[in-house]
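Read the structure below first, then the notes.
The values are calculated or read from the model by the stated rules, or taken from the named source; none is laboratory data. Since the structure is predicted, the reported quantities are computational estimates derived from the model, not experimental observations. Heads up, the Cβs are rebuilt from the backbone with ideal geometry, glycines too, and the neighbour counts pull from every protein chain shown.
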Amino acid sequence: MKETIKFYIKIMIKNPLFFISLFFNVFLLYKQSSVLESSIFQFSQVFYFGFVCSNLFFLIISTYVTYKNYIILNFLEKNLLKKQVSIILSSIIVSTITSLIPVLTMLILKNPIFQLKFVVTGVLHFFILWTLSNVLAATLGCCVGSISKNSTSMIVSPFIYSLFAYHSYNFSINPIWKLFNIYDDFTMVDISNICGHLFNKAYYFDKLFVVFLALFVFSLTCVFNKNIKRLYSSLFVCFTALCICLNVFFSFNHGSTYLKEYESLKDVNYTIESYNMNLKLKNTLENTVTINIKINKNSDNINMLFDDLFNVKSLSINEVQSTFNHENNTLQIKHNCTKGDKLKILIKYTGFVDVVNNIGSPIYYVSKYATNLPITYFYWYPIGIQNSLIDFDISVKAYNSIYSNLNLLNCSNNIYKFKGQSLGLNLFSGQYKKYTLNNIEYIIPTAMELKYFKSSISNLIKDENNLKNLSKKQLDFLRNHKYKKVICSIWEDNSNNKDLNPFIQIFEDTLIIK
């Protein structure tokens, strides 16, 4: 097989289509390299036609050499199945070599201020798209070429492939559409440069689907191979089809969550005095939180707002296990409450946070390197409704710098300590950079310049339409620049709460801007 692979590699790189594809991609790199100044992840979105060009080369060449009868191969390889495997392996080798051109371009022309971890993930994301789409194209070409065995396959295979290209270029919010999109899911969608691409369960399921799809196409060629028993080939087809079905199932049940509207909380019979949290932010959120509350009136339960995507592992009150019900984004704790009682509620919970809006763009998320948890719009810890300040004592273990509206006490061994009084806790991480100017701390996206960010704040404040639902005190806070910290974030308007401002959040001396 080694000699056969060498033979096919020579055929591929000596074909005129190879040089046409190469020159076209170099031209695209020249035209689109400027996007690397703002985002290394966005490059994979704008390079759509580069992927298509590369795929077409592997599709056509694999189709051609599969049905073509080379006399020399009668001595090297007579088994059709081994021939197809050799073509696919040759395609993987050539694909890997040609990927060095765009990958090196990304590494050389990227903005030098990008953090290494985001550069690595951005390049890895591009390489995964490049490799998987080329392998699928080569496998499809082998399948059609082995079944048709004549020049008709040169028409059939591009037609079948065009369905993938057309499908990927026409955006849909359907989850099945995202799975069949073999390129960047956000080719037609603007996403925040703060998070880039999240390497989480949803991402892995999405890419595994392409792998299983390629295996399924390959299994179809086995059915038409006379050297393989029909039973074995049928089992292979069934196995790959089952893998695809399981992948779809897990994608629907363990993938991204769509935005939801929260209902308002009724009959609040307590005041929250303090939170003590021990958080771990990886590709999942893990939290052990102690909530100290004071009961204001007699009741037989305690209701708190808390998003349903989190799974409560245990809950106790004053060190006694309590029964609870968690549904409709409300945590209802069964407990006989007497006015004046002070209770200590201990809750342990976990959750996979990947909440997307109606066009599939990530809004609230937790991953190893990026976090967006604005409490006003996303109830990521149990909260009540009150206007008085709450004491917070927070410990966060994270793999990237964490920013908050609370003051940072210290950071050691990836553990961030925050403490202070506030109406709520907000946590952010990702492609951020920090500036301090005139005693004001600005935490903004890496690719954004401070002067443009300050200008956008000024323009935002000047427009009265952007200042709805803000009190006189808050307007004075904005117009007289009384804030000490400004953080850029993203969120979606909660249409169920008309009292929230869609562009501005204010927490004591911190201004959070959308």
- Message: Looking at the structure I just gave you, is Leu467 at negative phi, modelled with pLDDT of 90 or more, over 27 Å from the mean Cα position of the chain (by Cα) and surrounded by 13 or more Cβ atoms within 10 Å (Cβ to Cβ)?
- Response: no
- Please determine, by comparing only the residues of region 52-65 that are within 17 Å of Phe19 (Cβ to Cβ) and of a type in the set (Ser, Thr, Tyr), which one is surrounded by the most Cβ atoms within 10 Å (Cβ to Cβ). Ser54
- Within region 291-302, can one find any residue that is touching a strand residue (DSSP E or B) at 6+ places or on another chain (Cβ under 8 Å), in a loop (DSSP other than H, G, I, E, B), surrounded by fewer than 16 Cβ atoms within 10 Å (Cβ to Cβ) and at positive phi? no
- Query: Pick from region 292-306 the residues that are farther than 20 Å from Ile390 by Cα and of a type outside the set (Ser, Thr, Tyr): which of them is nearest to the chain's Cα centre (by Cα)?
  - Reply: Asn301
- Query: Looking at (1) in contact with a strand residue (DSSP E or B) (Cβ under 7 Å, 6 or more places away or on another chain); (2) surrounded by 14 or more Cβ atoms within 10 Å (Cβ to Cβ); (3) not in a strand (DSSP E or B), which is the only condition Ser395 fails?
  - Reply: (3)
- Query: Out of all the residues in region 408-463, which are part of a strand (DSSP E or B) and of a type in the set (Val, Ile, Thr)?
  - Reply: Ile415, Thr436, Ile440, Ile443, Ile444
- Here the qualifying pairs (Cβ atoms under 8 Å; residues six or more apart or on different chains; first in region 202-231 and in the same structural domain as Val144 (by TED's automatic domain parsing) and in a helix (DSSP H, G or I); second among the charged types (D, E, K, R) and surrounded by 18 or more Cβ atoms within 10 Å (Cβ to Cβ)) come out as Ala202/Asp354; Asp206/Lys178; Asp206/Asp185
- When Leu409 is evaluated against the numbered criteria (1) modelled with pLDDT under 85; (2) more than 21 Å from Leu116 (Cα to Cα), which criterion, by number, is the only one it fails? (1)
- Message: Looking at Val353 and the list (1) surrounded by fewer than 21 Cβ atoms within 10 Å (Cβ to Cβ); (2) more than 25 Å from Thr271 (Cα to Cα); (3) modelled with pLDDT of 90 or more, which single condition is not satisfied?
- Response: (1)
- Go through (1) part of a helix (DSSP H, G or I); (2) out of contact with any helix residue (DSSP H, G or I) (no Cβ under 9 Å at 6 or more places or on another chain); (3) at pLDDT 80 or above one by one and return the number of the condition Cys243 breaks. (2)
- A careful count of residues in region 101-125 that are in a loop (DSSP other than H, G, I, E, B) and free of Cβ contacts under 8 Å to residues at least 24 places away in the same chain gives 1
- Every residue from region 23-51 that is surrounded by fewer than 21 Cβ atoms within 10 Å (Cβ to Cβ) and either β-branched (Val, Ile, Thr) or not in a helix (DSSP H, G or I) (or both): Val26, Val35, Ser38, Val46
